[in-house]
Amino acid sequence: MGITSRDFIYSLVLHVGLLLTITMLNPFAIGLRPDMESVAVNIISMPPLGDPELIKGSMPDIVIPQATIEDIAEIPISKPESKTELKPVEKKEETPKPKPKKDTGYKGQADKAEDSQAGGTDVTDQIGAGTQFGSVAVDNASFQYPYYFIQAFGKIQRNWSNPVAANQPLSCIIYFKVIRSGSVLDPDIEKSSGVTAYDRACLRAVQASSPLPQLPTDFRDDIIGIHLEFPYQP
């Protein structure tokens, strides 16, 4: 069956109506493109690749300006002058302090031990015969009382006992003071025998004999120092 003119008209009207319907449902505006600004470009020919001399000559040298550094003048700084002068400290020589004397607790009229010579005055000939002691010295040369030595040393001899048996001679000197009442003060080992047991026995004999007889009444001073030797013969 062929297409008639009436069918063609119907088809045309249908397509036109469909197109109008779509246009009404989704309208759009057809905008014109704005005029574009034209830029003039000069085309130059580039040198062939691989020739550095041509490239170097064709391009201008670019000079980068360096920042200039201004020289800043140094301002001298002067140190403040000190008005006060420091004087060197003089070292003072320290004088040795005298050692304090040992306080015996007794305050007599005089202590002749300070006025006598070292070792005192030898009075060995006044102690009598048959004594076990050796040399004897006193710190006061005016003490001339043989009977007192016999009485005092007799008591010390009774308290003396030799604890050693050496094969060589020994000698120990004990120094002590006697006050007017006869009490013995500050007994000490003045000269050691070299044997500790022997020295202690000599010191103990003097300590155990206190008090000794009172000093003679006509003796002017109230204290006397005695150096008593304890000899040992094997």
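The values are calculated or read from the model by the stated rules, or taken from the named source; none is laboratory data. Because the structure is a prediction, the values reported are computed rather than measured. Counting neighbours? That spans all protein chains shown, and the Cβs are built from the backbone with ideal geometry, glycine included.
The figures follow:
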read-out: Selection count, the range 124-140, where residues are surrounded by 14 or more Cβ atoms within 10 Å (Cβ to Cβ), over 10 Å from H227 (Cβ atoms) and either modelled with pLDDT of 90 or more or within 60 Å of the chain's Cα centre (by Cα) (or both); value: 3
read-out: Enumeration of residues in the range 220-234 that are more than 24 Å from L170 (Cβ to Cβ) and either touching a strand residue (DSSP E or B) at 6+ places or on another chain (Cβ under 9 Å) or modelled with pLDDT of 95 or more (or both); value: D222, I223, I224
read-out: So L228, is it in contact (Cβ under 8 Å) with a residue 12 or more places away in the chain, hydrophobic (A, V, I, L, M, F, W, C), surrounded by 20 or more Cβ atoms within 10 Å (Cβ to Cβ) and in a loop (DSSP other than H, G, I, E, B); value: no
read-out: V195 among the β-branched types (V, I, T), surrounded by 13 or more Cβ atoms within 10 Å (Cβ to Cβ) and under 50 Å from the mean Cα position of the chain (by Cα); value: yes
read-out: Test: residue in the range 173-185 that is assigned to a strand (DSSP E or B), in contact (Cβ under 8 Å) with a residue 60 or more places away in the chain and among the charged types (D, E, K, R); value: yes
read-out: Residue in the range 188-209 that is part of a loop (DSSP other than H, G, I, E, B), closer than 21 Å to Y147 by Cβ and at pLDDT 95 or above present; value: yes
read-out: Pairs where the first residue, in the range 121-150, is on the phi > 0 side of the Ramachandran plot and the second is surrounded by fewer than 18 Cβ atoms within 10 Å (Cβ to Cβ) and not in a loop (DSSP other than H, G, I, E, B), C-beta under 8 Å, 6+ apart; value: G128/P146; G128/I150
read-out: Residue within the range 160-170 that is assigned to a loop (DSSP other than H, G, I, E, B), surrounded by fewer than 19 Cβ atoms within 10 Å (Cβ to Cβ) and hydroxyl-bearing (S, T, Y) present; value: yes
read-out: The range 176-188: number of residues that are surrounded by 15 or more Cβ atoms within 10 Å (Cβ to Cβ) and closer than 12 Å to A205 by Cα; value: 3
